[in-house]
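Colleague: I have a structure here, written as structure tokens, and I will follow up with some questions on it.
The values are calculated or read from the model by the stated rules, or taken from the named source; none is laboratory data. Bear in mind that the values here come from a model prediction, so they are computed numbers and not experimental data. Quick reminder, even Gly has a Cβ in these numbers, built from the backbone with ideal geometry, and neighbours come from all protein chains shown. Remember, those area values only see protein heavy atoms, side chains included, never the ligands or the DNA or RNA. Shrake-Rupley method; radii C 1.70, N 1.55, O 1.52, S 1.80 Å.
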Amino acid sequence: MTAQQHFRQLPRTAVWLLDLFTPAEQAESIQGDLLEEFSLLALKSGISSARRWYWRQTVKTVLQLVSVSFVTAPWLTALPVIGGLLLGKLFGPMVEPAIFAVIERYQVAEHHFSTYMLLASTGIDVGHLITFLLIGFAVAFASKQREMVATITLALIHWAMVVVASVYVVTTTGNDALLWRLTWYFADCFVIVLAGAIVRMHRLAVLSRPLKA
Amino acid sequence: MRDRDYLGEFEHIIVLALLRLNDLAYGVTVRQEIESRTQREVSIGAVYATLDRLETKGYVTSYHGDPTPERGGRSKRFFRVTAKGLAAVNSTHRALQSMIEGLSLTRNSS
């Protein structure tokens, strides 16, 4: 079996994860080494054993790359994350007034009550999602080769903050219905990481594009 | 080189693997050499993280070979130990030797 045939049998999700986290200068060596060993292992022990090995290597390597990213250039990761938190603090509270300003401006409540209800409830949550997606893009663009590490860090900090705040509010007010809000907050964290993945994939596509003569 | 330029445990293992492999030291062979001699599974990410750190310290150098078909057209990154790296290995060995000297490494049961 040739390397081309083995390449097609690599676990796609694991390859994608490596693409997301491996710095461009290491990508060729790491992925080439893993493919070479995968091919050898597939011939020796079979494809399923080789795929399990590839997954183990991917998980360990991704964790290693994340920790190295923090150790070798902590400020390159920390500064975009701090910037993202400040943007969240600045623009997060503006979403609700902005949506109500639109409702007022177009007198939505008077003319389309169902649209008003939708905008005043789900519309605000969707507005937050879009805001955090844009913040995720800004953080990913600012963090150069560390898009995933920066956006995951920002998402985890945001998640920890909202969980602590929600638990505090629920324990002081006794209104446990507020816990349902956590699903939307989780979605906010998810779109931050999604933005990181989109920027990373875009940069990889640009890098792998053949140069025009 | 200062006398206190010692290698960490995994750095030490990696440099010794490079010395054993000589001109054939790249990610796959280094990882396999360590696995076969220490019986512990090592990730390729850990190998490269340490090699990059050693290169930053000036203990190893690297260069890219030609792309090969068994690697999907990707090239190998070969590593070599520098004179400074060799001196660091020696000073680490001397430090370990001096710490071990006169010690009995078997624990008394009493």
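Colleague: Once you've got the Cα coordinates, tell me which of A:K44/B:K57; A:K60/A:K89; A:K60/B:K57; A:K44/B:K84; A:K44/A:K144 are over 32 Å apart. Mind showing how you got there, number by number?
Modeller: Values: A:K44/B:K57 38 Å; A:K60/A:K89 34 Å; A:K60/B:K57 24 Å; A:K44/B:K84 39 Å; A:K44/A:K144 40 Å.
In this structure, A:K44/B:K57; A:K60/A:K89; A:K44/B:K84; A:K44/A:K144 exceed 32 Å between Cα atoms.
Colleague: Keeping every protein chain present and rolling a 1.4 Å probe, give me the accessible area per residue for segment B:44-110 in Å². Write down the numbers at each step before the final one.
Modeller: Details: 4040 Å² over 67 residues.
That works out to 60 Å² for each residue.
Colleague: If you don't mind, there's one more thing I want to ask. Tell me the volume per residue, in Å³, of the convex hull enclosing the alpha carbons of chain A. Intermediate values should be presented prior to the final figure.
Modeller: Working: hull volume 43.3 nm³, N = 213.
Each residue corresponds to 203 Å³ of Cα convex hull volume.
Colleague: Follow-up. Please label the shape of chain B as rounded, prolate or oblate, based on the square roots a ≥ b ≥ c of the eigenvalues of the alpha-carbon gyration tensor (a/c under 1.5 means rounded; beyond that, a/b larger than b/c means prolate, else oblate).
Modeller: Working: a/c = 3.07, a/b = 1.68, b/c = 1.83.
Here chain B falls in the oblate category.
Colleague: Any idea what Rg and Dmax come out to for segment A:61-122 if you just take the C-alpha atoms, in Å?
Modeller: Considering segment A:61-122 through its Cα atoms, Rg and Dmax are 20.4, 58 Å.
Colleague: For A:V102, A:V66, give me the order by solvent-accessible area with a 1.4 Å probe, most accessible first, ignoring ligands, DNA and RNA.
Modeller: Values: A:V102 75, A:V66 40 Å².
Result of the area sort, largest leading: A:V102, A:V66.
Colleague: Given a 1.4 Å probe and every protein chain left where it sits, what share in percent of the accessible area of segment B:41-87 is carbon and sulfur? Could the numbers behind the result be given before it?
Modeller: On the way: 1120 of 2010 Å².
Its accessible area is 56 percent carbon and sulfur atoms.
Colleague: Still on this structure, I have one more. Net charge within 14 Å of A:L119 by Cβ-Cβ distance, Lys/Arg positive one each and Asp/Glu negative one each, not counting A:L119 itself? Before the final figure, lay out each step's value.
Modeller: Working: positive: A:R105; negative: A:E96, A:E104, A:E110, A:D125.
Result for the local shell: -3.
Colleague: Moving on to the next point. Which of the residues in segment A:48-68 lose at least 50 Å² of accessible area when you go from the chain alone to all protein chains together (probe 1.4 Å)?
Modeller: A:Q57, A:K60, A:Q64
Colleague: What is the average number of partner chain Cβ atoms found within 10 Å of a Cβ in B:48-59? Write down the numbers at each step before the final one.
Modeller: Numbers: counts 10, 9, 2, 2, 5, 3, 0, 0, 1, 0, 0, 0.
Shielding by partners across B:48-59 averages 3.
Colleague: Can you give me the relative contact order of segment A:83-146 as a percent, contacts being Cα pairs under 8 Å and 6 or more apart?
Modeller: That works out to 46 percent.
Colleague: Then there's this: Using the Cα gyration tensor of segment B:25-79, with a ≥ b ≥ c the square roots of its eigenvalues, what is the shape: rounded (a/c below 1.5), prolate (a/b larger than b/c) or oblate (neither)? Could you put the intermediate results ahead of the total?
Modeller: Working: a/c = 2.23, a/b = 1.13, b/c = 1.97.
Oblate is the answer for segment B:25-79, as a/c is 1.5 or above yet b/c matches or exceeds a/b.
Colleague: In 5 Å bins starting at zero, report the fraction of Cα pairs in segment A:110-156 per bin as a rounded %.
Modeller: For segment A:110-156, the binned pair fractions read 5, 21, 19, 14, 10, 9, 8, 7, 5, 2 percent.
Colleague: Please compute the per residue accessible area over chain A with all protein chains in place, 1.4 Å probe, rounded to a whole number of Å². Walk me through the intermediate numbers first.
Modeller: Details: 12270 Å² over 213 residues.
Heavy-atom accessible area per residue stands at 58 Å².
Colleague: Can you give me the relative contact order of segment A:121-213 as a percent, contacts being Cα pairs under 8 Å and 6 or more apart?
Modeller: 43
Colleague: Mind listing the phi-derived Karplus ³J(HN,Hα) values for segment A:105-113, rounded to whole Hz, using 6.51, -1.76 and 1.60 with θ = phi - 60°, and x for any glycine or proline?
Modeller: Once θ is set to phi - 60°, the couplings for segment A:105-113 become 4, 9, 6, 4, 4, 6, 9, 9, 5 Hz.
Colleague: Taking 8 Å as the Cα distance limit and 6 or more residues as the minimum spacing, I'd like the relative contact order of chain A as a percentage. Please report the intermediate quantities before stating the final value.
Modeller: Values: 190 pairs, mean separation 44.5, N = 213.
Reported as a whole number, the value is 21 percent.
Colleague: Continuing with this model, one more query. So how much accessible surface do A and B hide from each other in total, probe 1.4 Å, in square angstrom to the nearest 100?
Modeller: 1900
Colleague: Inside 10 Å of the C-beta atoms of A:38-45, what's the mean count of C-beta atoms belonging to other chains? Don't jump to the answer; show the numbers that get you there.
Modeller: On the way: counts 0, 3, 3, 0, 0, 0, 0, 0.
What the average comes to for A:38-45 is 1.
Colleague: If you take the square roots of the eigenvalues of the alpha-carbon gyration tensor of segment B:43-106 and sort them as a ≥ b ≥ c, do you get rounded (a/c under 1.5), prolate (a/b over b/c) or oblate? Walk me through the numbers on the way to the answer.
Modeller: Working: a/c = 3.69, a/b = 2.32, b/c = 1.59.
Note, shape of segment B:43-106 comes out prolate.
Colleague: Separate question: Hey, got the average number of other protein chain Cβ atoms within 10 angstrom for residues in B:69-79? Working shown, then result.
Modeller: Numbers: counts 3, 9, 12, 12, 6, 11, 3, 5, 7, 1, 0.
Average per residue, whole number: 6.
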